[in-house]
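The values are calculated or read from the model by the stated rules, or taken from the named source; none is laboratory data. What you are looking at is a predicted structure, and each value in this text was computed from that prediction instead of being measured. For neighbour counting, all protein chains shown are included, and Cβ atoms are generated from backbone atoms with ideal geometry for every residue, glycine included. For the accessible areas, the whole protein counts, side chains as well, though only heavy atoms, and no ligand, DNA or RNA atoms are used. Shrake-Rupley method; radii C 1.70, N 1.55, O 1.52, S 1.80 Å.
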Amino acid sequence: CLSLRILHFFFLVGITSASSCSSHILKSTLKSAGNTLPNGDIYVGSFDGLVPHGPGKYMWTDGALYDGEWDKSKMTGRGLIQWPSGASYEGDFRGGFIDGAGTFKGVDGSVYKGSWRMNKKHGMGTMVYSNSDTYEGFWNEGLPDEFGKYTWADGNVYIGRWKSGKMNGSGVMQWINGDTLDCNWLNGLAHGKGYCKYASGACYIGTWDRGLKDGHGTFYQPGSKIPCNLEVSDCLTSHDGTSASSSSNEKITIGLLFLLQKLCKNWRLRRFLHRPRRISNGTTPVFDDNSGSHLCQDVSSKSFSADDQCLQDSEVDKDSVYEREYVQGVLIMEQPKNEDSRMSESGIAQENNWEKQAKGPMETIYKGHRSYYLMLNLQLGIRYTVGKITPVPLREVRSNDFGPRARIKMYFPCEGSQYTPPHYSVDFFWKDYCPMVFRNLREMFHIDAADYMMSICGGDSLKELSSPGKSGSIFYLSQDERFVIKTLRKTELKILLKMLPKYYNHVKAYDNTLITKFFGVHRITLKPGRKVRFVVMGNMFCTELRIHRKYDLKGSTQGRSTKKQNINENTTLKDLDLSYVFHVDKPWREALFRQIALDCMFLESQSIIDYSMLLGIHFRAPNHLKSITSCQNALESTGISAETECSVALHHEETISSKGFLLVAADEPGPAVRGSHIRGSMVRAAEGGYEEVDLVLPGTGRFRVQLGVNMPARARKVQEDVNVEVENRDTIEEYDVVLYLGIIDILQEYNVSKRVEHAVKSLKFDPLSISAVDPNLYSRRFISFLEKVFPEQD
């Protein structure tokens, strides 16, 4: 058959003299005793009419040999096949394919023993590579997948999840020197929450990004009390320094799976579960062999251990715990953890804190979750509405497309109806507001209807933010994190529908508007009369770059700070917490404030207050600090605080001049990542000769620079309050950063209740410091504050 002929092509190399001799002898024997077929192949064995059936030997013209069972001209049953290259397979065949259990020996000396499907490794199996690396676990379409254990020749071991041949998901890496990293993984690199336990007894709990420590974390000296419940993955090595117990459990688990497979094979259960496929006959069996595709040694050799030159005998406080912050693997901040906070985190509280950190700021909605049926209803409704409105020819919106009467209403019973499909949720009523308007808004931002539905209503669940907003609203994220779904109060819905005509015109007129992008407004009514209102918005932080800091900036000062004990890496900080100013390219700053002024003018015309600038900051590692990273890692692995021994001060006093990014002309070849649901024109950079530019981040990628998206800047560390004048600007820390910003929370009118709030708070506080002020004053104060955050360069 054609598939078998293709497989043989991959093995027509490296023909050994022994195999050539054997082939020649057997070929001579078959020629003398067998039947030569019209195509030149030779067969000796049983026939059923004119086709091979039963036991028999088959030799192709290229020298490949098969000795085994046949079924109506198809290799089916047990058999042995040898290729001229020296590779061989012995095991099950089905319908002309390698299918079942068997052993393959590659030309390079690699050996695979396990399950196959359609000429590919599939199911449980063990692979011993030519370099002596070993993989035990599950395979899918010829690659390690799901769960498995990989052992490098040097003794390093990874046990955990795989996807398409790479470490992906939760898993544990243990180095031969005793270091252990329990973390989430992505494409073979540590990525997400995790903890590293060093052979010395020290431990670091934090976050990794593409294999590097990134963000906030906690470092425990040897002898310090470490949280007990640190499991990220479900396949951990033991935490007391030994791995015998967990390793034994893994072997038992994998062994039981192999035993089940063997029993199925011996009892011939597979023939009842898998019906042979009929495929044309006539060529050598061929399959995709990746026997040489062992993992790169660099993956396992990158231990967190020290160099031999590190200080091993320094006197340190063994009970010290340090808070740390990393940027792309570079330690930029370290300070002893407050004793009171350490005491408050002891015992069960400490374990719960770790569990919360491991989950991150959001959790995927699962069956049984409090929001599960609400999520199903929302997905059903959006799928129905978008599917109904998309076939309608695109046209300009009309006046009757706005307002509360422009809506689609539908009842969704569980058993289905003439217009709705049956579903597994509860009965509900669905209302979609202004569908044609939001359809046009999605078109403006180049959001394809199919992509929109797949993002929100696909097979994946939504994610719920674990910390609801101050307003009491609940936030959900689509799995790809392109869209944010927020619950609305009834008053907020009325304001949105009231301002929607002007909002539509504003967004249409100004491509680079920073105001929140709305893509849909919906209402779900559950029995007995509970109503939940939603708005679908664009997620301005939908980027592959890690957002290290988030700020919600209003320009007011009363109540605009965060308690220190409540701050973690997921906290959105406020005005008084901001200790940086940002210098951006002059044309970018001019374009930014021109657009902010236009957006504020629109919001003022709608009597809107309480809006804020949401600012996300991605820090780039200072290049001058990268030279000491290896020293810090070395000290850490021995349990020595980097703050104690590093010769270079972490909070340096000299201005950093090195760049953490590059700007290249936008028309230069190379793909650039465009911001999600961004349609504005690119901004021009003075650095690039006033041309449109792309941002290149070494080791990360290339990004399209647009207003409020992927904007490079220089962050300068100042006093805790940006309103405080700095005396000596020559002794300030500076970092290269990438900024993401947009105006959010635009659904609060300056109504009677806000006027009363202003009057009451003015009796106690400075009237200019509170948030509830006249829209005109709010707008001017907002812009004035941002001008201090983004000052003009000297």
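Taking the numbered list (1) of a type in the set (Lys, Arg); (2) out of contact with any Asp or Glu (no Cβ under 9 Å at 6 or more places or on another chain); (3) assigned to a helix (DSSP H, G or I) in turn, residue 442 passes all entries but (2). When residues in the range 702-740 are screened for being at pLDDT below 85, under 21 Å from residue 330 (Cβ atoms) and exposed (fewer than 15 other Cβ atoms within 10 Å of the Cβ), 1 of them pass.
Please find, within the range 503-529, the residue that is surrounded by the fewest Cβ atoms within 10 Å (Cβ to Cβ) out of those that are more than 22 Å from residue 594 (Cβ to Cβ) and without any contact (Cβ under 8 Å) to a residue 60 or more places away in the chain.
Within the range 503-529, the first condition is being more than 22 Å from residue 594 (Cβ to Cβ), and the residues that meet it are 518-529.
Filter once more, keeping what is without any contact (Cβ under 8 Å) to a residue 60 or more places away in the chain: 528-529.
Working: 528: 5, 529: 7.
Here the answer is 528.
What number of residues within the range 63-83 satisfy the criterion of being open to solvent by less than 50 Å² (accessible area, probe 1.4 Å) and either among the charged types (D, E, K, R) or assigned to a loop (DSSP other than H, G, I, E, B) (or both)? Lay out the reasoning, then the answer.
Going through the range 63-83, the residues open to solvent by less than 50 Å² (accessible area, probe 1.4 Å) turn out to be 63-66, 68, 70-71, 73-77, 79, 81, 83.
Those left that are additionally either among the charged types (D, E, K, R) or assigned to a loop (DSSP other than H, G, I, E, B) (or both): 63-64, 71, 73-74, 83.
The qualifying residues number 6.
Taken as a whole, the condition of being within 30 Å of the chain's Cα centre (by Cα), charged (D, E, K, R) and under 21 Å from residue 206 (Cβ atoms) applies to residue 549. Counting the residues of the range 596-636 that are at pLDDT below 95, open to solvent by less than 10 Å² (accessible area, probe 1.4 Å) and in a helix (DSSP H, G or I) gives 5. Search the range 443-502 for residues being over 15 Å from residue 375 (Cα atoms) and among the aromatic types (Phe, Trp, Tyr), and hand back the single one that is surrounded by the fewest Cβ atoms within 10 Å (Cβ to Cβ). If we take residues in the range 443-502 being over 15 Å from residue 375 (Cα atoms) and among the aromatic types (Phe, Trp, Tyr), then 445 is surrounded by the fewest Cβ atoms within 10 Å (Cβ to Cβ). How many residues are part of a strand (DSSP E or B), β-branched (Val, Ile, Thr) and buried (at least 20 other Cβ atoms within 10 Å of the Cβ) when one looks only at the range 105-122? So the count comes out to 0. Among the residues of this structure, residue 406 does not count as one that is surrounded by fewer than 19 Cβ atoms within 10 Å (Cβ to Cβ) and either within 27 Å of residue 527 (Cβ to Cβ) or in contact with a helix residue (DSSP H, G or I) (Cβ under 7 Å, 6 or more places away or on another chain) (or both).
Only one entry in 171, 125, 96, 102 is within 30 Å of the chain's Cα centre (by Cα), within 30 Å of residue 74 (Cα to Cα) and either open to solvent by less than 30 Å² (accessible area, probe 1.4 Å) or of a type in the set (Asp, Glu) (or both), namely 125. Candidates in the range 128-138 are the residues that are open to solvent by less than 10 Å² (accessible area, probe 1.4 Å) and either in a strand (DSSP E or B) or hydrophobic (A, V, I, L, M, F, W, C) (or both); of these, the one that is farthest from residue 173 (Cα to Cα) is 137.
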